[in-house]
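The values are calculated or read from the model by the stated rules, or taken from the named source; none is laboratory data. Please read all numbers here as calculations on a predicted model, not as lab measurements. Positions of Cβ are backbone-derived with ideal geometry, glycine not excepted, and every protein chain shown enters the neighbour counts. Only protein heavy atoms, including side chains, enter the accessible area calculation; ligands, DNA and RNA are left aside. Shrake-Rupley method; radii C 1.70, N 1.55, O 1.52, S 1.80 Å.
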Amino acid sequence: MDSATVTGTGQITLPDAVVKSLNVAPGDQVAFVQTDLNRIEVMSQSEAALLEAQRKFKGAAEEAGFKDEDDVMAFIK
């Protein structure tokens with residue numbers, strides 16, 4: 001298990017294993033996302049943005065009346 005110490009200004013340094021796992025580099029942003037289980041997950045900013053978009057679109061196809069992929073393709077055409 002990796003850990004980090006919070007400085008007096010509230011900053012942390014991500015352990016090398018976490019940096020590699022997230023595939024981030026100096027200057028990249030990371031997001032701290034609270035899950036449904038009241039836990040905090042650390043992820044790259046782009047991954048967090050994709051997750052947020054997925055959450056917002058959840059159920060949209062059903063609300064629009066699409067039942068399957070054929071309905072979507074018919075709508076596009």
message: Among the residues of the range 40-47, are any part of a loop (DSSP other than H, G, I, E, B) and either touching a Phe, Trp or Tyr at 6+ places or on another chain (Cβ under 9 Å) or free of Cβ contacts under 8 Å to residues at least 40 places away in the same chain (or both)?
response: no
Every pair of residues 6+ apart whose Cβ atoms lie under 8 Å, when the first sits in the range 1-26 and is under 15 Å from Glu41 (Cα atoms) while the second is open to solvent by less than 80 Å² (accessible area, probe 1.4 Å) and assigned to a helix (DSSP H, G or I): Asp2/Ala17; Asp2/Val18; Leu14/Leu22
- prompt: In the range 50-57, is there at least one residue being in contact with a strand residue (DSSP E or B) (Cβ under 9 Å, 6 or more places away or on another chain) and surrounded by 10 or more Cβ atoms within 10 Å (Cβ to Cβ)?
  reply: yes
query: Looking at (1) loosely packed, with under 10 Cβ neighbours inside 10 Å; (2) part of a helix (DSSP H, G or I), which is the only condition Ala61 fails?
result: (1)
field: Failed item, numbered, when Ser21 is tested on (1) loosely packed, with under 10 Cβ neighbours inside 10 Å; (2) modelled with pLDDT of 90 or more; (3) assigned to a helix (DSSP H, G or I); (4) not aromatic (Phe, Trp, Tyr)
entry: (1)
